[in-house]
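Trainee: The following block contains the structure, expressed as structure tokens.
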Amino acid sequence: MPAKTILHIDMDAFFAAVEVHDHPELMGLPVVIGSPPDKRGVVSTCSYEARKFGIHSAMPSRTAFKLCSHAVFLPPNMKRYHEISEQIMEVFRHFTPLVEPLSCDEAFLDVTGARYLFGDGPAIARKIKAAVLEKTGLTCSVGVASNMFLAKIASDLNKPDGLTIVPDSEKGIAAFLAPLPVKRMWGAGRKTQAILEAHHIRTIGDLQTVAPAKLAAWVGESAAASFRRLAFGIDDRELATASEEKSISNEITFDEDQRDAKVVEAALLDLADKVGMRLRRAGFYATTAQIKLRWKDFSTITRQRRLDPPCCDDITLRETALELFRKEALHSPVRLIGFGVSGLRLTADAPQLDLFQSPEKKTSTRREALSRAVDRIRAKFGRKSIQRGSNLNEN
Ligand SMILES: [Mg+2]
């Protein structure tokens, strides 16, 4: 499996598709969302039926009318599109917390950490397509790749209802990109395209083979370097959300203030499980665990402890949560309990340490494998399908 799996998901003719879904009598008709044809203004989106007449987004509505006078012109209903957009993003977030929306109908998803739960990239893409269709009745197109640049290019290649998988190997990636026109590349604006065109560089394959010095002379050192990297599909950017996820936490407020330590502990363990699941899905390890306690009079305390080695397994999180809780005297009824982790990182330790694993590290690795197995069972059969004993016994 590749180091990373990134999806780019783009809804098909989104605004038009929502209108057709809400008004089935429009099915099969050329539908144009945007300015009415008798006003100045442009097409925002149009259905695939309208595209057959040469209509496309950003075209003046008047021109669109000339191309297809029997098209149905509708004003955009942004409120409705945003409603559906929220449902779509919610589906995405069910699969990974690492979602970077680009607009209301398009997003990048880093599903690297979700692979152990939902299968490889293509399997996750199929599941998301099915879930979006079930929830909204709409189709989307997905690109599956090892980075954002490739995923974005791929999602656009087989629209509508497409699924395009970019090969993982360097050779496969170069061959995938070679036949595509240069304008597919980020940063290749009209001016640059014209310069490249003048030198007979029309495809990404042409960019792969042109002498670097020549390219630099035409477009400048830095653009040339960036084009060469992209031409071979090299792109190591992280999703904008990936580095922002600094902590994960959950809390609950009791219906009635709780005096019973056993009830509070049960709630705390449940929270620890939920946080652990989110942590593993996001592909992170935590270095700090924290509990939060709010008393009847609304005064609030937090207590935290370092996790060494950094971990993502339920057993350690539960142990730590209980340990922190049991140190506190229950001097008054509990209104709210919370559990969270922070100091998130992508690995449990420095790779060279793996050769000489400490007993703590071995335990932690075994516990992680166990937690992930539980996640898989729960993903298949539901959260209640497997319950842990409160004695934390892992054997
Ligand atoms: Mg779209």
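The values are calculated or read from the model by the stated rules, or taken from the named source; none is laboratory data. Predicted model only: the values in this text are computed from it and were never measured. Positions of Cβ are backbone-derived with ideal geometry, glycine not excepted, and every protein chain shown enters the neighbour counts. Ligands, DNA and RNA are excluded from the accessible area calculation, which covers all protein heavy atoms including side chains. Shrake-Rupley method; radii C 1.70, N 1.55, O 1.52, S 1.80 Å.
Trainee: Using beta carbons and a limit of 6 Å, which pairs, at least six apart or on different chains, have the first residue in the stretch 213-232 and open to solvent by 20 Å² or more (accessible area, probe 1.4 Å) and the second one among the hydroxyl-bearing types (Ser, Thr, Tyr)?
Mentor: VAL219/THR192
Trainee: For the list (1) part of a loop (DSSP other than H, G, I, E, B); (2) under 30 Å from ILE377 (Cβ atoms); (3) within 15 Å of the ligand (Cβ to nearest atom), I need the number of the one condition that PRO97 fails.
Mentor: (3)
Trainee: Just give me the residues in the stretch 299-310 being out of contact with any Phe, Trp or Tyr (no Cβ under 6 Å at 6 or more places or on another chain) and either at pLDDT below 90 or surrounded by 19 or more Cβ atoms within 10 Å (Cβ to Cβ) (or both), in sequence order.
Mentor: LEU307, ASP308, PRO309, listed by residue number.
Trainee: For the stretch 276-298, enumerate the residues that are open to solvent by 20 Å² or more (accessible area, probe 1.4 Å) and more than 25 Å from the chain's Cα centre (by Cα).
Mentor: Correct list: GLN290, LYS292, ARG294, LYS296, ASP297, PHE298.
Trainee: Kindly list, by first and then second residue, each pair from a residue in the stretch 39-51 that is touching a residue at least 40 places away in the same chain (Cβ under 8 Å) to a residue that is outside any helix (DSSP H, G or I) and surrounded by fewer than 21 Cβ atoms within 10 Å (Cβ to Cβ), limited to pairs with Cβ atoms under 7 Å and residues at least 6 apart or on different chains.
Mentor: Matching pairs, first to second residue: TYR48/PRO160.
Trainee: Working carefully through the options ALA223, ALA242, find the one that is modelled with pLDDT under 90, farther than 27 Å from TYR285 by Cα and under 35 Å from the mean Cα position of the chain (by Cα). Spell out how you get there, then give the answer.
Mentor: Values: ALA242 fails: farther than 27 Å from TYR285 by Cα.
ALA223 is the lone residue from the list that is modelled with pLDDT under 90, farther than 27 Å from TYR285 by Cα and under 35 Å from the mean Cα position of the chain (by Cα).
Trainee: For the subset of the stretch 1-25 comprising residues that are open to solvent by less than 20 Å² (accessible area, probe 1.4 Å) and away from the ligand (no atom under 16 Å from the Cβ), which member is nearest to LYS66 (Cα to Cα)?
Mentor: The residue in question is ILE6.
Trainee: Mind checking which residues of the stretch 54-76 are without any contact (Cβ under 8 Å) to a residue 60 or more places away in the chain and either within 20 Å of THR136 (Cα to Cα) or in a strand (DSSP E or B) (or both)?
Mentor: PRO60, VAL72, PHE73, LEU74
Trainee: Additional query: Which is more than 30 Å from ASP120 (Cα to Cα), surrounded by 15 or more Cβ atoms within 10 Å (Cβ to Cβ) and more than 15 Å from the ligand (Cβ to nearest atom), of PRO60, PRO76?
Mentor: It is PRO60.
Trainee: A further question on this structure: Go through the stretch 165-197 residue by residue and tally those that are under 19 Å from LEU102 (Cβ atoms) and exposed (fewer than 14 other Cβ atoms within 10 Å of the Cβ).
Mentor: Here the count works out to 3.
Trainee: Of all residues in the stretch 126-140, which are assigned to a helix (DSSP H, G or I), within 16 Å of the ligand (Cβ to nearest atom) and in contact (Cβ under 8 Å) with a residue 40 or more places away in the chain?
Mentor: Of everything in the stretch 126-140, those that are assigned to a helix (DSSP H, G or I), within 16 Å of the ligand (Cβ to nearest atom) and in contact (Cβ under 8 Å) with a residue 40 or more places away in the chain turn out to be ILE128, VAL132, THR136.
Trainee: Right, something else. Quick one: GLU90 ticks every box in (1) within 26 Å of VAL144 (Cα to Cα); (2) within 16 Å of the ligand (Cβ to nearest atom) bar one, so which box is it?
Mentor: For GLU90, the failing item is (2).
Trainee: Check the stretch 41-53 and report whether any residue there is away from the ligand (no atom under 15 Å from the Cβ), surrounded by 22 or more Cβ atoms within 10 Å (Cβ to Cβ) and not in a loop (DSSP other than H, G, I, E, B).
Mentor: Start the filter on the stretch 41-53 by keeping residues that are away from the ligand (no atom under 15 Å from the Cβ), which leaves 41-42, 49, 52-53.
Checking which are surrounded by 22 or more Cβ atoms within 10 Å (Cβ to Cβ) leaves us with none.
No, the stretch 41-53 contains no residue that is away from the ligand (no atom under 15 Å from the Cβ), surrounded by 22 or more Cβ atoms within 10 Å (Cβ to Cβ) and not in a loop (DSSP other than H, G, I, E, B).
Trainee: Ok, one more. In the stretch 100-113, how many residues are away from the ligand (no atom under 16 Å from the Cβ) and small (Gly, Ala, Ser)?
Mentor: Result for the stretch 100-113: 1.
Trainee: List every residue pair whose Cβ atoms sit under 6 Å apart, with the two residues 6 or more apart in sequence or on different chains, where the first one lies in the stretch 6-21 and is touching a residue at least 60 places away in the same chain (Cβ under 8 Å) and part of a strand (DSSP E or B) and the second, anywhere, is of a type in the set (D, E, K, R) and near the ligand (Cβ under 10 Å from one of its atoms).
Mentor: From residues that are touching a residue at least 60 places away in the same chain (Cβ under 8 Å) and part of a strand (DSSP E or B), the pairs are ASP10/GLU106; MET11/ASP105.
Trainee: Another one. Residue by residue through the stretch 233-255, note down the ones that are open to solvent by 60 Å² or more (accessible area, probe 1.4 Å) and in contact with a Ser or Thr (Cβ under 9 Å, 6 or more places away or on another chain).
Mentor: Correct list: LYS246, SER247, SER249.
Trainee: Among the residues of the stretch 256-269, is any open to solvent by 70 Å² or more (accessible area, probe 1.4 Å), over 29 Å from GLN304 (Cα atoms) and of a type in the set (Asp, Glu)?
Mentor: no
Trainee: Looking at GLU90, GLU134 in this structure, which one is more than 11 Å from the chain's Cα centre (by Cα) and open to solvent by 50 Å² or more (accessible area, probe 1.4 Å)?
Mentor: Numbers: GLU90 fails: more than 11 Å from the chain's Cα centre (by Cα).
Of GLU90, GLU134, the one residue that is more than 11 Å from the chain's Cα centre (by Cα) and open to solvent by 50 Å² or more (accessible area, probe 1.4 Å) is GLU134.
Trainee: Additional query: When the residues of the stretch 29-40 are filtered to those that are more than 16 Å from the ligand (Cβ to nearest atom) and at pLDDT 95 or above, which remaining residue is least open to solvent (accessible area, probe 1.4 Å)?
Mentor: The first filter runs over the stretch 29-40 and keeps only residues more than 16 Å from the ligand (Cβ to nearest atom), leaving 29-30, 35-40.
Now drop any that are not at pLDDT 95 or above, which leaves 29-30.
Working: LEU29: 71, PRO30: 8 Å².
That would be PRO30.
Trainee: Can you name the residue in the stretch 143-164 that is open to solvent by less than 50 Å² (accessible area, probe 1.4 Å) and within 12 Å of the ligand (Cβ to nearest atom) and, of all such residues, is farthest from ASP235 (Cα to Cα)?
Mentor: Here the answer is GLY162.
Trainee: Follow-up question, since we're still on this one. Among the residues of the stretch 31-40, is there at least one that is of a type in the set (Asp, Glu) and in a helix (DSSP H, G or I)?
Mentor: no
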